[in-house]
Amino acid sequence: MWFVYKSIFAERRYMSYSTRKRTSDDIIVKEFWRNNERFADLFNAVLFKGKCVIKAENLQEIDTDVSGTIRVQEYKETLKRARDVVKKYYNGVEFNILGLEMQEKVHLAMPLRTMVYDALGYIKEYNEFKSNNTKNSIKKKRKAYTDDKDKADNKTNTEYKSDNKAASYRTSEEFLSGLNYSDRFHPIITIVFYYGEHRWNGPISLSDMMVDMLDEVKEMFNDYRINLVQIGNTADYDFNNDEVKALFDITNSIYNKDFNAISKKYSEKSLSVELIDMISEMTGTKELAKLVNEEKEDKEDDVHMWSAMKEFRDSGVQEGRREGLLEGKREGIIEGKLEGQTEARLDSIKTIMRKLNQTADEAMDTLDIEEKDRAKYRELINS
């Protein structure tokens with residue numbers, strides 16, 4: 001099993017970022033977190049130390065579009081934005097808004113970007129308040145005019161609209177803001193899910209993006225901090241969902257080349273195709289997803305990882321042997337001679353080391369080279 005995961009890691013190293021299909025990746029990552037059980041477990045682990053505060057059955061997915069218009073006197077600007085995954089969490093008659101943003105790369109303006117997303121969410125609700133308040137007042141005003149038909153008939157359209165708007169609010173403060181004193185916003189909580197290979201080295205708060213400030217200024221500064229979750233910090237989170245736990249565990253182990261740990265925990269386990277697709281997309285191991293998709297043709301749900309990996313392992317070994325022998329022959333080695341066999345095997349070792357990111361001893365394990373011959377090959381490799 002350890003060989004399989006080394007093979008996977010070798011394969012992902014040769015994939016350039018530019019060749020990866022970002023749209024496809026985004027869809028797979030977003031679809032994975034749209035599942036309420038996984039979504040709830042992520043939020044509980046990151047925000048509440050594993051305590052089951054967010055319950056999956058109380059989650060409802062909502063529109064991800066948070067586009068809004070900002071108006072300041074004569075200035076007007078429309079911002080087009082869409083969040084990755086957004087859900088309402090109902091706690092009784094009220095609800096909270098939970099947002100999830102996915103990041104593969106470190107974004108140096110992430111606190112500002114997330115703050116804008118949250119602000120646009122509040123602006124969207126603010127505009128809904130204003131619209132609803134105006135509509136409610138129009139109904140009341142129309143009823144009043146119905147009771148006094150002569151008064152209504154004498155009103156011009158402009159006067160009618162002006163009266164409607166003014167009647168929405170009981171005080172001048174309400175009229176000015178477009179809100180009633182009883183209006184209350186719903187809290188927005190956002191998590192940034194960073195699944196890059198390297199640790200996050202960007203800012204995690206707005207203050208991290210500022211120039212040096214005097215201590216007195218810092219005390220008055222309104223900071224904004226992101227809720228960052230890193231795939232590499234598996235030990236920091238207390239997950240209850242098996243798929244979320246496996247996602248963090250396996251991905252982190254692939255990044256750290258800790259393949260023995262993966263083999264020990266998962267070589268005999270069946271994992272969902274959706275989970276393996278997610279791991280494949282996040283780590284760039286496209287070949288893994290391809291083999292899994294081939295195996296799942298005869299299955300409905302889960303896939304046994306070892307079955308798919310065994311084919312990948314065998315094909316990698318055969319390719320290494322074949323290329324090594326061909327390289328040996330191209331150098332004029334005569335097949336059957338001891339020297340030729342040594343050179344051909346040496347080329348096979350080097351090919352497997354290069355293509356599968358193995359050490360010399362691991363490559364010799366793969367080729368079943370006897371211990372008594374290994375010192376010779378180590379010396380040739382290091383010469």
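The values are calculated or read from the model by the stated rules, or taken from the named source; none is laboratory data. Just so it is clear, the model here is predicted, and its values are computed rather than measured. Every residue, glycine among them, receives a Cβ derived from its backbone with ideal geometry; neighbour counts consider all protein chains shown.
Across region 105-150, the number of residues qualifying as modelled with pLDDT of 80 or more and either of a type in the set (Val, Ile, Thr) or at positive phi (or both) comes to 4.
Within region 270-293, can one find any residue that is among the basic types (Lys, Arg), surrounded by fewer than 14 Cβ atoms within 10 Å (Cβ to Cβ) and either in contact (Cβ under 8 Å) with a residue 12 or more places away in the chain or under 23 Å from PRO111 (Cβ atoms) (or both)? No, region 270-293 contains no residue that is among the basic types (Lys, Arg), surrounded by fewer than 14 Cβ atoms within 10 Å (Cβ to Cβ) and either in contact (Cβ under 8 Å) with a residue 12 or more places away in the chain or under 23 Å from PRO111 (Cβ atoms) (or both).
If you go through region 227-250 and keep only what is in contact with an Asp or Glu (Cβ under 9 Å, 6 or more places away or on another chain), in contact (Cβ under 8 Å) with a residue 12 or more places away in the chain, more than 20 Å from THR190 (Cα to Cα) and not in a loop (DSSP other than H, G, I, E, B), you end up with just GLU243.
Counting only strands (runs of 3 or more DSSP E) wholly contained in region 12-87, no element carries 3 or more residues that are touching a helix residue (DSSP H, G or I) at 6+ places or on another chain (Cβ under 7 Å) and either modelled with pLDDT under 80 or crowded, with 17+ Cβ neighbours inside 10 Å (or both). Scanning region 355-369 for residues that are farther than 19 Å from LYS257 by Cα and either part of a helix (DSSP H, G or I) or in contact with a helix residue (DSSP H, G or I) (Cβ under 9 Å, 6 or more places away or on another chain) (or both) yields LEU367, ILE369. Evaluate the following for TYR126: is it aromatic (Phe, Trp, Tyr) and within 23 Å of the chain's Cα centre (by Cα)? So TYR126 does not fit the description; no. Of TYR195, TYR181, all but one fail to be in contact (Cβ under 8 Å) with a residue 40 or more places away in the chain and not small (Gly, Ala, Ser); the exception is TYR195.
If you go through region 24-42, how many residues are touching a Lys or Arg at 6+ places or on another chain (Cβ under 9 Å) and not charged (D, E, K, R)? Counting residues in region 24-42 that are touching a Lys or Arg at 6+ places or on another chain (Cβ under 9 Å) and not charged (D, E, K, R) gives 4. Residue count for region 239-274, restricted to those that are hydrophobic (A, V, I, L, M, F, W, C) and modelled with pLDDT of 90 or more: 5.
Any chance region 248-265 includes a residue that's surrounded by 18 or more Cβ atoms within 10 Å (Cβ to Cβ) and out of contact with any Ser or Thr (no Cβ under 9 Å at 6 or more places or on another chain)? For region 248-265, residues surrounded by 18 or more Cβ atoms within 10 Å (Cβ to Cβ) and out of contact with any Ser or Thr (no Cβ under 9 Å at 6 or more places or on another chain): present. Scanning region 167-194 for residues that are touching a Ser or Thr at 6+ places or on another chain (Cβ under 7 Å) and modelled with pLDDT of 90 or more yields THR190, VAL192.
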